[in-house]
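The values are calculated or read from the model by the stated rules, or taken from the named source; none is laboratory data. Treat the numbers as computed from the prediction; the structure is a model and nothing was measured. Positions of Cβ are backbone-derived with ideal geometry, glycine not excepted, and every protein chain shown enters the neighbour counts. For accessibility, only protein heavy atoms count, side chains too; no ligands or nucleic acids. Shrake-Rupley method; radii C 1.70, N 1.55, O 1.52, S 1.80 Å.
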Amino acid sequence: MFQRKQLKKQIDTWEIKFFIKVIPSQKNKEKSQAAAPEDEADVVSSVIGEYGRWQLLMTFLLAMFSFPCTFHIYLPTFTVKSTKFWCRLPDNLAGLPIQDWINYSQPVDACYVRVLPDGITAESILNYTAPVLDSFQKCQEWDFDRSEIGDTIISEWNLVCDRSGLTNLAEVMFLIGVGFGGVIGGWISDKFGRKRILMSLMCLQCTLAILSFFVRSYVQYVIVRLLMGLVSVPVVFAAFVLSVELVSGKWVTIAGVCNFFPLPLAYIIVSLLSLLLPNWRDLQMALSLPGFILLILWFILPESPRWLIGRGRTEEAKEIIIKAAKFNRREIPEELDKMLMMSKPETEAEQPSVLMLFRRGLLKRTCCLFIAWFSMTIAYYGLLLNIGNFNLGNLHVMSIILAVVEIPAIAVSIPILLKAGRKIPIFISMLVCGLACVASELFSMAFDHDWILIACLMIGKFAIGSTNMMMPIFTAELYPSLIRNLGVGSSQVSAGLALICIPYLWELTALNEHLPMVTIAALSAVGGGIVLLLPNTTSINDSKK
């Protein structure tokens, strides 16, 4: 009986220690409402500095990992773009202009073609003497308009008419992989380390990207895209979390935002390469090869010293800290061993678990972030991946314009986050995005000028682009280091659910042509409002400067 009481007492003690560390006390709730930088962070920053040459180099290299993932997310804008198609012209009518062939044989749509009478010629169709039969049959082969976009998966596997529903299947599978991959990748990263998971998944991503070039059936392509989704997003967030754990103070915000600068650059690269390589396989290969270059960074990138300290692996953390301090030309304190021993956990660190996200004090944050991420993802990718549905001229030009707009949005978010905190800027940016979407619909009904719609889209993209930079930083600051990557990764469940909806968002036009943009606007407002229920993390960052 005595031993049982002692065991229960020890378990209670462990739980109290966990909640003291993870959940801020009520007394200090106003001062420190989020669990971003922990006490052990002072050991690292006091030796290597909050930011220096070493952190600059590491954060720059880690930002490069955003390129491959963004490539594969944005590729469907061109490789799955719907274009005009028609039932293939028979060989005996080879000289007939395409439009005349369509007018004669496919008066309703390209899924059914008129039965051709015997002896019909191109000349008889051109001079309107060809017999017009009322018999139709299903078309079996199609040709596609390649004037703007070259060969796509739609044209290769004839994903039209009865098979048109398969067009979005590959991307839905990819985005399902993104949702599950965010949680799984976050969990294994918190358990086994940032660097090891980052490089392992990067290697797997490159292999899958190359494999997608060689697929010969649509089913194979779908399977590869599913696996690609599972590994792509964990790469980005492992790099993101590692970059912010190498710095401290205000540099956490700056390093976190800079990690997303490659996004608009990646959009531009994909757009330009799509012009040079119109075949989807060539484009896939060209965007897959650069990822292998990043694998050499295994010999350069460190593990997170803060994660190592939190896991009790102080000797490994010491080695990294000494190298970083020397690179930053800082003196190594003689009492470094003592400092590390004081930071070492008294007991073995608790294993990260998804259930921790729903414990007392974190449940509200997890639920609010779930809604906020869902709303932001619908707005951001709803505008980004549906550029072609706006029919505003050349797809490549529009893609580049909306990508360029995002560059100043990222830059502006840095001073905003440093001066105005997190909640209010995120709320305002999401609200502005919603208003811009509503304005675009109102102006499109009142004016027949594309430039007005383009201007509204640019404003909306600018606003939600800023949100897309701020939300991961805010999320990371709301969770303790023990489950930080898991917390950031779990946000991809709601983001993944939103992404699954994106391919079908424009199907709402069947009910009302304005419904897709109104939906984006409403969700932006809801997502911005829910963020106001979360604690602000600025005070903690300020206290650590």
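Scanning the range 129-148 for residues that are open to solvent by 90 Å² or more (accessible area, probe 1.4 Å), touching a helix residue (DSSP H, G or I) at 6+ places or on another chain (Cβ under 9 Å) and farther than 27 Å from L159 by Cβ turns up T129, V132.
Residues in the range 201-212 that are free of Cβ contacts under 8 Å to residues at least 60 places away in the same chain, open to solvent by 30 Å² or more (accessible area, probe 1.4 Å) and closer than 28 Å to N158 by Cα: T207, L211. From the list S82, S45, the one residue that fits, being touching a Pro at 6+ places or on another chain (Cβ under 9 Å), surrounded by 15 or more Cβ atoms within 10 Å (Cβ to Cβ) and among the hydroxyl-bearing types (S, T, Y), is S45. Each residue in the range 184-200 was checked for being open to solvent by less than 30 Å² (accessible area, probe 1.4 Å) and part of a helix (DSSP H, G or I), and 8 of them qualify. None of L246, L265, L287 is surrounded by fewer than 24 Cβ atoms within 10 Å (Cβ to Cβ), modelled with pLDDT of 85 or more and either farther than 15 Å from I407 by Cβ or more than 17 Å from the chain's Cα centre (by Cα) (or both) except L287. Just one of the listed residues (G177, G165) is on the phi < 0 side of the Ramachandran plot and either open to solvent by less than 10 Å² (accessible area, probe 1.4 Å) or not in a helix (DSSP H, G or I) (or both), and it is G177. When the criteria are applied in full, N158 meets the requirement of being touching a Phe, Trp or Tyr at 6+ places or on another chain (Cβ under 7 Å) and open to solvent by 40 Å² or more (accessible area, probe 1.4 Å). Within the set of pairs 6+ apart or on separate chains, which have a first residue in the range 495-522 that is under 17 Å from N168 (Cβ atoms), a second that is open to solvent by 40 Å² or more (accessible area, probe 1.4 Å) and not in a helix (DSSP H, G or I), and C-beta atoms under 7 Å apart? Final answer for the pair search is I502/L385.
Residues of the range 213-239 that are surrounded by 24 or more Cβ atoms within 10 Å (Cβ to Cβ), of a type in the set (G, A, S) and at pLDDT 85 or above: A239 alone.
Of the helices (runs of 4 or more DSSP H) contained entirely in the range 213-300, those carrying at least 1 residues that are among the acidic types (D, E) fall at 218-245, 280-288. Filtered by the rule that a residue be open to solvent by less than 70 Å² (accessible area, probe 1.4 Å), farther than 19 Å from G528 by Cα and either among the aliphatic types (A, V, I, L, M) or at pLDDT 70 or above (or both), the range 339-375 gives M339, L340, A349, V354, M356, L357, G361, L362. Any residue at all in the range 327-336 that is at pLDDT below 85, assigned to a helix (DSSP H, G or I) and either out of contact with any helix residue (DSSP H, G or I) (no Cβ under 6 Å at 6 or more places or on another chain) or open to solvent by 30 Å² or more (accessible area, probe 1.4 Å) (or both)? There is at least one residue in the range 327-336 that is at pLDDT below 85, assigned to a helix (DSSP H, G or I) and either out of contact with any helix residue (DSSP H, G or I) (no Cβ under 6 Å at 6 or more places or on another chain) or open to solvent by 30 Å² or more (accessible area, probe 1.4 Å) (or both).
Only one of the numbered conditions (1) closer than 27 Å to A420 by Cβ; (2) modelled with pLDDT of 80 or more is violated by R484, and that is (2). Cβ-Cβ distances below 6 Å connect the following pairs, each with a first residue in the range 49-69 that is assigned to a loop (DSSP other than H, G, I, E, B), a second residue that is at pLDDT below 90 and aromatic (F, W, Y), and a separation of six or more residues or different chains: E50/W251; Y51/W251.
Within the range 22-78, the residues that satisfy the criterion of being at pLDDT below 85, among the β-branched types (V, I, T) and under 30 Å from F174 (Cα atoms) are I73, T77. One residue stands out in the range 290-301 among those that are touching a residue at least 40 places away in the same chain (Cβ under 8 Å) and under 24 Å from the mean Cα position of the chain (by Cα): the one that is surrounded by the fewest Cβ atoms within 10 Å (Cβ to Cβ), namely L295.
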